[in-house]
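Enquirer: Mind having a look at this structure? Questions to follow.
The values are calculated or read from the model by the stated rules, or taken from the named source; none is laboratory data. All of these numbers come straight from a predicted model, not from anything done at the bench. Glycine gets a Cβ as well: all are built from the backbone with ideal geometry, and neighbour counts include every protein chain shown.
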């Protein structure tokens, strides 16, 4: 889940928010066919896209006036939680919030991928159980 929050130009307080759960591409711009419509003269009709690709959100500039992160013009950049982007050098500012669930899903996927490279806990437990249940002990010899 991703939440985009339009910030007040001088106070950096939230004006409006949009939350997307399963959208693969979010378009932002002046045109009414965008998911987020911003009426500003410096914002292009299709100013930018935020795409979910390979387990992360990617910001892609489409506008002629540019998209800025930390005052730097970008063409494409991976989105991070709490990141602030500006449409054009003097345009609207949007804060990006990534849901905590997304972070935990990424951690779980990393753990799953890591477990494929080493024996799983179930496999290790099975080996230990086999050793315990099938190895005769000195106190209880096998019949």
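Enquirer: Which of the residues that make up region 53-90 are in contact with a strand residue (DSSP E or B) (Cβ under 6 Å, 6 or more places away or on another chain), over 21 Å from residue 10 (Cα atoms) and in a strand (DSSP E or B)?
Expert: Hits for region 53-90 are 56, 57, 58, 59, 60, 61, 74, 76, 77, 78.
Enquirer: Also: Yes or no: residue 39 out of contact with any strand residue (DSSP E or B) (no Cβ under 7 Å at 6 or more places or on another chain), surrounded by fewer than 18 Cβ atoms within 10 Å (Cβ to Cβ) and within 16 Å of residue 89 (Cα to Cα)?
Expert: Taking the combined requirement at face value, the residue satisfies it.
Enquirer: Follow-up. Restricting attention to region 14-48, which residues are touching a residue at least 24 places away in the same chain (Cβ under 8 Å) and under 14 Å from the mean Cα position of the chain (by Cα)?
Expert: Residues satisfying the conditions are 23, 24, 25, 26.
Enquirer: Could you tell me which numbered condition residue 114 fails, if it satisfies all but one of (1) at pLDDT below 55; (2) surrounded by fewer than 12 Cβ atoms within 10 Å (Cβ to Cβ)?
Expert: (1)
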